[in-house]
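Everything below concerns the one structure shown next.
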Amino acid sequence: MAVQRVFIVEDDLKIAELLAETLRKYHYQVETAKDFDQIIEEFEAFDPHLILLDINLPSYDGYYWCRQLRQQSTCPILFISARSGEMDQVFALENGGDDFITKPFHYEIVLAKIRSHLRRAYGEYAPKQEERSVKVGRIILYMERMELHVKAEVIPLQKKECTIMELLLSNYPKVVSREQLLEELWDDQAFVDENTLNVNMTRVRKKLADYTVKSTIETVRGAGYRLLLHEEEA
């Protein structure tokens, strides 16, 4: 694959920079977290293949951010922490992490673990599966790629955008209820604000409009949403 991207979420600037310098020597593209209240936004902007994540962070800990990141991506997340207790490692894995590296660490071990997880996720050891897609008219959604193809246009999607489009396309021309969308988008609906779905739907509509897609998402009052397929894309 092309140059692989690693996102480092570590508030010790010295450790973060040393890790970044080491990884760049081995031709990885690296970004370090700048604003520890905007981890999701920085993650989405960089779109990494793998994350190195500390536990002790400002505002929210690494367990919290791992859960949030897991709503966006299935990319490998490797915890790096001075905590060495068994329960710390258990919490890391149960909150969505893939591995745990204890500080102080040898950079050779970090590099070996990164290579191993990248191979398993994207390379020679990655499971070979038939690519899933759903097609309506001239609109095709490739779920694994998180890409929406509309005629000759290729539109990159975030995870929640992809889930929304998958539900709308799979159920076309029927209405998809708000309850069904909430259930698919969030594991625990009890903690989801009513406006959160509206915000995500607005993002999808804006993205379609930005790429001049003529098909639209209609709000069906009291029921949910459905895809309205434009004749040029039918």
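The values are calculated or read from the model by the stated rules, or taken from the named source; none is laboratory data. Because the structure is predicted, anything quoted here is derived from the model rather than measured. Positions of Cβ are generated from backbone atoms using ideal geometry, with glycine treated the same way; all protein chains shown enter the neighbour counts. Remember, those area values only see protein heavy atoms, side chains included, never the ligands or the DNA or RNA. Shrake-Rupley method; radii C 1.70, N 1.55, O 1.52, S 1.80 Å.
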Task: Condition check for residue 53: surrounded by 14 or more Cβ atoms within 10 Å (Cβ to Cβ), at pLDDT 95 or above, within 25 Å of residue 161 (Cβ to Cβ) and touching a strand residue (DSSP E or B) at 6+ places or on another chain (Cβ under 8 Å) - done: yes
- [ ] Check residue 63 against each of (1) touching a strand residue (DSSP E or B) at 6+ places or on another chain (Cβ under 7 Å); (2) open to solvent by less than 30 Å² (accessible area, probe 1.4 Å); (3) free of Cβ contacts under 8 Å to residues at least 40 places away in the same chain and name the one condition it does not meet.
- [x] (1)
Task: Among (1) among the charged types (D, E, K, R); (2) at pLDDT 95 or above; (3) under 17 Å from the mean Cα position of the chain (by Cα) - the single one residue 24 does not satisfy - done: (3)
Open item on the list: Looking only at residues that are in contact with a helix residue (DSSP H, G or I) (Cβ under 7 Å, 6 or more places away or on another chain) and of a type outside the set (Val, Ile, Thr) in segment 72-91, which one is modelled with the lowest pLDDT?
Closed with: 72
TODO: Return yes or no: is residue 45 free of Cβ contacts under 8 Å to residues at least 24 places away in the same chain and either out of contact with any Asp or Glu (no Cβ under 6 Å at 6 or more places or on another chain) or on the phi < 0 side of the Ramachandran plot (or both)?
DONE: yes
- [ ] From (1) open to solvent by less than 60 Å² (accessible area, probe 1.4 Å); (2) among the acidic types (Asp, Glu); (3) part of a helix (DSSP H, G or I), pick out the condition that doesn't hold for residue 184.
- [x] (1)
Task: Test: residue in segment 59-71 that is more than 19 Å from residue 33 (Cα to Cα), assigned to a helix (DSSP H, G or I) and modelled with pLDDT under 95 - done: no
- [ ] Within segment 75-98, track down each residue that is under 20 Å from the mean Cα position of the chain (by Cα) and surrounded by fewer than 17 Cβ atoms within 10 Å (Cβ to Cβ).
- [x] 93, 94
Open item on the list: Filter segment 72-82 down to the residues that are in contact with a Ser or Thr (Cβ under 8 Å, 6 or more places away or on another chain) and in a loop (DSSP other than H, G, I, E, B) and list them by number.
Closed with: 82
Open item on the list: Which condition from (1) open to solvent by less than 20 Å² (accessible area, probe 1.4 Å); (2) closer than 21 Å to residue 12 by Cα; (3) not in a helix (DSSP H, G or I) is the one that residue 110 breaks?
Closed with: (3)
- [ ] Filter segment 197-219 down to residues that are crowded, with 16+ Cβ neighbours inside 10 Å and assigned to a loop (DSSP other than H, G, I, E, B) and give me whichever is farthest from the chain's Cα centre (by Cα).
- [x] 215
- [ ] Please name all residue pairs, on different chains or six or more residues apart, with Cβ atoms under 6 Å, provided the first residue is in segment 217-229 and is over 18 Å from residue 163 (Cα atoms) and in contact (Cβ under 8 Å) with a residue 40 or more places away in the chain and the second residue is open to solvent by 10 Å² or more (accessible area, probe 1.4 Å) and of a type in the set (Val, Ile, Thr).
- [x] 220/175; 223/175
